[in-house]
Amino acid sequence: SCVRQDGKSASLTAPNGQAQQGLLSAALADAAASPDQLGCVEAHGTGTPLGDPIEAGSLKAAVIARRGAGDEPLRVSSVKANAGHAEPAAGASGMVRLALSLSHAEAPPNAMLRLLNEHVGAALRGSSALLPVGLAPLPAPSDGASARVGGVSSFGYSGTIAHAVLQVEAAAE
């Protein structure tokens, strides 16, 4: 895991994309995990027209672009699309959802996603990302690994940013 302060940004609601990229890379390094091991990411994804595209662009630069060409698409979702923000419990609810996703080998849907924010679409264009609107099966762990791996991001109103990498032992397939 990694926790940082996102530093200087344009406003309270405009996160610092460079800081997010550094955070994602540092969390993967701390977990001794590579981007291609991730099956899914539970994004902070609050549905804001400015913050979500910045988060999507950061995820693309720090994780998706560093995955192998033949890798399955990275499943990206956010519990906030299903249950709202939950304020101080947002990070914990994202962690619970990620643990369940990895345990059941299914990425949950972005339940309220009907029309993709054009800026999120532009940020992810040309990348191998999937924003599921229904349950999406997670690929089996690759390279003989025995655990499914995913990440969860949570960003605080005061500029605190956090990302944790979680590994859950995969059931026999």
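Each Cα pair under 8 Å and six or more residues apart adds its separation to the average, and for the chain the resulting relative contact order is 32 percent. Rounded to the nearest 10 degrees, the angle from helix 51-62 to the longest Cα principal axis of the chain is 50 degrees.
The rule of thumb for compact globular proteins, 2.2 N^0.38 Å, goes into the C-alpha radius of gyration of the range 8-74 1.15 times.
Per-residue extension of 0.36 nm, minus the Cα-Cα distance of ASN117 and SER146, leaves a gain of 6.9 nm for this segment. Between helix 17-30 and the chain there is an angle of about 30 degrees, using the helix long axis and the longest principal axis of the Cα atoms. Per-residue extension of 0.36 nm, minus the Cα-Cα distance of SER1 and HIS85, leaves a gain of 28.1 nm for this segment.
Each peptide among 61-70, 46-55 gets the average number of other Cβ atoms lying within 10 Å of its residues, and from highest to lowest they stand as 46-55, 61-70. Only protein atoms count toward the accessible area here, which uses a 1.4 Å probe; on the range 46-131, the carbon and sulfur part of that area reaches 61 percent. Protein heavy-atom accessible surface, 1.4 Å probe, per residue over the range 1-127: 49 Å². For the pair the range 126-172 / the range 53-114, the C-alpha centres are spaced 7 Å from each other.
The values are calculated or read from the model by the stated rules, or taken from the named source; none is laboratory data. Small disclaimer: the values here were computed from a predicted structure and weren't measured. Every residue, glycine among them, receives a Cβ derived from its backbone with ideal geometry; neighbour counts consider all protein chains shown. Only protein heavy atoms, including side chains, enter the accessible area calculation; ligands, DNA and RNA are left aside. Shrake-Rupley method; radii C 1.70, N 1.55, O 1.52, S 1.80 Å.
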